[in-house]
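The values are calculated or read from the model by the stated rules, or taken from the named source; none is laboratory data. Since this is a predicted model, take the numbers as computed values, not measurements. Here the Cβ positions follow ideal geometry from the backbone for every residue, glycine too, while neighbour counts run over all protein chains shown. Surface accessibility is based on the protein's heavy atoms, side chains included, excluding ligands, DNA and RNA. Shrake-Rupley method; radii C 1.70, N 1.55, O 1.52, S 1.80 Å.
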Amino acid sequence: MSRLNPDGVDLDTAWDLHPQVSVRPEPFGALLYHFGTRKLSFLKDRTLLAVVQSLASAPSVRVACETAGIAAADLPRYQQALGTLAQSSMVVERSS
Amino acid sequence: MTLLDARPEAPKPAPPPQPGRLVDLFEYGLDSPICLTWELTYACNLSCVHCLSSSGRRDPRELSTEECKAVIDELERMQVFYVNIGGGEPTVRSDFWELVDYATAHKVGVKFSTNGVKITPEVAQKLAGSDYVDVQISLDGATAEVNDYVRGPGSYATAMRAMQNMKDAGFTGFKISVVCTRQNIPQLDEFKAIADEYGAQLRLTRLRPSGRGADVWDELHPLPEQQRELYDWLVAHGEGVLTGDSFFHLSAYGSALPGLNLCGAGRVVCLIDPIGDVYACPFAIHDEFLAGNVRSEGGFQEVWRNSELFTRLRTPQSGGACTSCSFFDTCKGGCMAAKFFTGLPLDGPDPECVRGFGEEALEKRKMDGSIPKPDGDHSHSTVRGPRRDGRPIATGLITTKKRGIPITLSLTRPDRPPVSACEENPLAGFTPN
């Protein structure tokens, strides 16, 4: 949690989905279910889904967002959304 | 027009997070249900007077172990995260634990509802070791008197023993599931205290006039002032208490309660019954809400995605007489099943409409006398003969209108269902220890 701040996750850190989280794409975005906490979350658009799905292979959040085609102006929104997911342990920081 | 055509597409690329409420998108349905109720058997060791599925005897057409596994395979392909398994009493199926293990091994989580009869210390220990299994123990009274009144003698002790076993095994956060009735609404604080004591989470749901519940609804459903009490209690304790989104019809008292506040029938939820029939929701076991069967070609996925009924439920619904009500946006006219089984039109007010429109409609209905009957009665044959001790049978506190047979409750009810001649009942003569 040290890398979390009010703006969301640190864009230059590397993240991944929690190993106990399942992602199901839906027309509006996606549903996330955490088997450990038994909590359900929603991704409200498909771009955020693309970001979440590419976290594991991207060296940083910033790269994952760029890969998903997010314009610089929209970055803060996605940074914040990932912060919310981090708070509920849907995504977790990884070492590299 | 196909369902997919009717859906809003998320614009690409890089849109700002979508405007509008998620719940509005849910009205168009999802590719797979968020949560699915699966009643594995109609067999039950109890005969709760308000049973939604009129359970008691096993249906000989019940899905086999292999058929159940095929359904689980399909749920895995559809990425249904978890199923709520119920019944009947699901744990009395001899393959129950095998199916639970099969589901969790295939990434389909399980939450099962039980009266606790099979939750021994050993079972509780095993359950505590799995992240993929959650348990919901039914309790309809915070005292034996109130609970056993609807669930039968000994059922309170059974539930409490199961909860103690869960606590001793270190399983925290299991659910205690309460159907709110006129008799137990004064006990809400006591239920909360029980949940806290056992490290469990309280879940309150609405009494539906479905199954045998139709017979006792008039006597058990909360009075208008109790609905207000329940609403205030939920507002005060809301975040820590689950409701299965049961009470969205109460939102007209003020602010909406936590939850989706949406009738999810056929949109985000549905029911698979023991013989594989797929209904719009667990409270609507009637031909009118039957979408198909998992045994038919295309299986469950075909029923979920393309059945005529579910497609219809995902089109915008007419609010009818309720549209002009200022609370329609949150209440949405209430519960479809509650309206149907009390004989009210589906596009009118809920029978428990907090503004009282339901009661007016019910008065009118009583004069017409046309109330649909639930389909498929699997109740135990509970025609009770004279007492062995020769004393008169006490008149039941609750009588079933449908069958016109007084069901004696509480003190006068036998300790277990009489051994029936019906070979289909695997519980004939079964004594829970």
- Query: Out of the residues in the stretch B:124-154 that are open to solvent by 30 Å² or more (accessible area, probe 1.4 Å) and of a type in the set (A, V, I, L, M, F, W, C), which is farthest from the other protein chains (Cβ to nearest Cβ)?
  - Reply: B:144
- Residue in the stretch B:48-59 that is modelled with pLDDT of 95 or more, more than 20 Å from the chain's Cα centre (by Cα) and away from every other protein chain (no Cβ under 14 Å) present: no
- Tell me, which residue of the stretch B:24-43 that is under 15 Å from the mean Cα position of the chain (by Cα) and more than 14 Å from chain A (Cβ to nearest Cβ) is surrounded by the most Cβ atoms within 10 Å (Cβ to Cβ)? B:38
- Given (1) open to solvent by 30 Å² or more (accessible area, probe 1.4 Å); (2) out of contact with any Lys or Arg (no Cβ under 9 Å at 6 or more places or on another chain); (3) within 14 Å of chain A (Cβ to nearest Cβ), index of the condition residue B:111 fails: (2)
- Task: Of the numbered conditions (1) within 12 Å of chain A (Cβ to nearest Cβ); (2) at pLDDT 95 or above; (3) open to solvent by 30 Å² or more (accessible area, probe 1.4 Å), residue B:75 fails exactly one; give the number of that condition.
- Result: (3)
- Just checking, which of B:338, B:280, B:252, B:321 is touching a Phe, Trp or Tyr at 6+ places or on another chain (Cβ under 9 Å) and within 24 Å of residue B:76 (Cα to Cα)? B:280
- Message: Tally up the residues in the stretch B:193-221 that are closer than 18 Å to residue B:250 by Cβ and open to solvent by 10 Å² or more (accessible area, probe 1.4 Å), please.
- Response: 5
- Return yes or no: is residue A:9 more than 7 Å from chain B (Cβ to nearest Cβ), open to solvent by less than 50 Å² (accessible area, probe 1.4 Å) and at pLDDT 95 or above? no
- Query: Are any residues in the stretch B:306-320 open to solvent by 80 Å² or more (accessible area, probe 1.4 Å) and assigned to a helix (DSSP H, G or I), and if so, which ones?
  - Reply: B:306, B:308, B:312
- Message: Can you tell me which condition residue B:228 does not meet? The list is (1) touching a Phe, Trp or Tyr at 6+ places or on another chain (Cβ under 9 Å); (2) open to solvent by less than 20 Å² (accessible area, probe 1.4 Å), and all the others hold.
- Response: (2)
- Item | Enumerated strands (runs of 3 or more DSSP E) restricted to the stretch A:16-81, each holding at least 1 residues that are surrounded by 18 or more Cβ atoms within 10 Å (Cβ to Cβ) and within 8 Å of chain B (Cβ to nearest Cβ) | A:21-26, A:29-34
